[in-house]
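Note sheet for the following structure.
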Amino acid sequence: MESTIIGEFASRREAELAVEHVVQECGVARGDIFVQPVGAANSSGTRPAGADVKAAPTPEGKQRLEGEIEVSVDFHGDGPDKIAEALKGAGAKTVRTE
C-alpha cells in the first residue's frame, strides 16, 4: 500500500533527527523523505535548537520562529507504524497518514 506519513516538529534539529531515524531504522530512501515548513512563514520551527542557538550575543532584530517543520515520508509497503514511531521518537508533535 502507498501512503504518506507526516510528522510535525517544533525545531529543525528534531526534523533532521527524524530523517536520520527513518533512513537508518526503517530503511526508507532519502529521496522518499521531504522536509518543509508547515506554512509559508519560515523553515526554522517554533523553538530554537542546535545550530539555531548561538553562544554569541543576539544580533539586532528578533529571530523569526513562526511555524512548525513538516517531515513527510512516502511509504510503499505494509506496516507504516514503524515510521510513525520513528517520527514520534525524534520529537514529532503530531503524526498523521494521508
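The values are calculated or read from the model by the stated rules, or taken from the named source; none is laboratory data. Every value quoted in this text rests on a predicted model; they were computed, and no experiment measured them. Methodologically, a virtual Cβ is constructed for each residue, glycine included, from the backbone with ideal geometry; neighbour enumeration extends over all protein chains shown.
Couple of notes before you dig in:
- Take the conditions (1) buried (at least 19 other Cβ atoms within 10 Å of the Cβ); (2) at pLDDT 65 or above; (3) over 9 Å from the mean Cα position of the chain (by Cα); Gly45 misses just one of them, which is (2).
- Every residue from region 48-98 that is of a type in the set (S, T, N, Q), over 20 Å from Gly27 (Cα atoms) and either at pLDDT below 60 or over 14 Å from the mean Cα position of the chain (by Cα) (or both): Thr58, Gln63
- Restricting region 68-90 to residues that are touching a strand residue (DSSP E or B) at 6+ places or on another chain (Cβ under 6 Å) and under 14 Å from Val35 (Cβ atoms), the residue that is surrounded by the most Cβ atoms within 10 Å (Cβ to Cβ): Leu87
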